[in-house]
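Before any comments, here is the structure.
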Amino acid sequence: VANLVDNTSLPILEEPEFSPWTLKDVSAATGTQVTSYISSRMEAYTEETMSGSELHALWASDFEFFSEVEYKKSTIQTRALRDFFRSRNVLVLKKGLSIATELVKAQRAQWEPMPIEYQHEFLDKFRPIFPISKATKFRGRVGVFVGITILLIRQQAYQL
């Protein structure tokens, strides 16, 4: 029986190599494009499991021409980017200023590790939370009450 499908003749499609935005790309970008760019870079950083100075250096290169204006075009994704960096040991301060301002400052500054006093923020934020409904809480309390009652009855039975 002849092989009906010959995979050797099919071209192998490779993803185009990433190239950071130029000044022209950055200044012409819409909010949707900025959001997409930030999301794609966060995915790449996550896949490479980058953190610390290595992540900071790559971020500074990938976002070289970004200013506060571009970061402000995508506020939700900009906040996610800040929180992502903080969770990966890249210090982006939270001082009541705009997130875009702090991102630009941190990007242009030399890398600093996250101080210990800030680490609880992202540990609490990114830990899994399993909500418990009121019904479950109530059943749990009833179960404890029933369990204690059974123990008391058994103790009385042994005393007789």
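In this rough spin-label picture, where each label sits 7 Å from Cα along the Cβ direction, the Thr46-Ala80 distance is 0.8 nm.
The peptide list 97-105, 82-90, put in order of mean Cβ contacts within 10 Å with the highest first, becomes 82-90, 97-105. Over the stretch 7-126, the fraction of Cα-Cα pairs per 5 Å bin, rounded to whole percents and listed from the shortest bin up, is 2, 11, 20, 24, 19, 11, 5, 4, 3, 2, 1, 0.
The slack in the chain from Lys72 to Ser39, taken as 0.36 nm per residue of separation less the alpha-carbon distance, amounts to 10.4 nm. A simple packing score, the average count of other Cβ atoms within 10 Å per residue, orders the peptides 17-25, 50-58 as 50-58, 17-25, with the highest score first.
Readers should treat all values here as calculations from the given coordinates under stated rules, not as data from a laboratory. Treat the numbers as computed from the prediction; the structure is a model and nothing was measured. Positions of Cβ are backbone-derived with ideal geometry, glycine not excepted, and every protein chain shown enters the neighbour counts.
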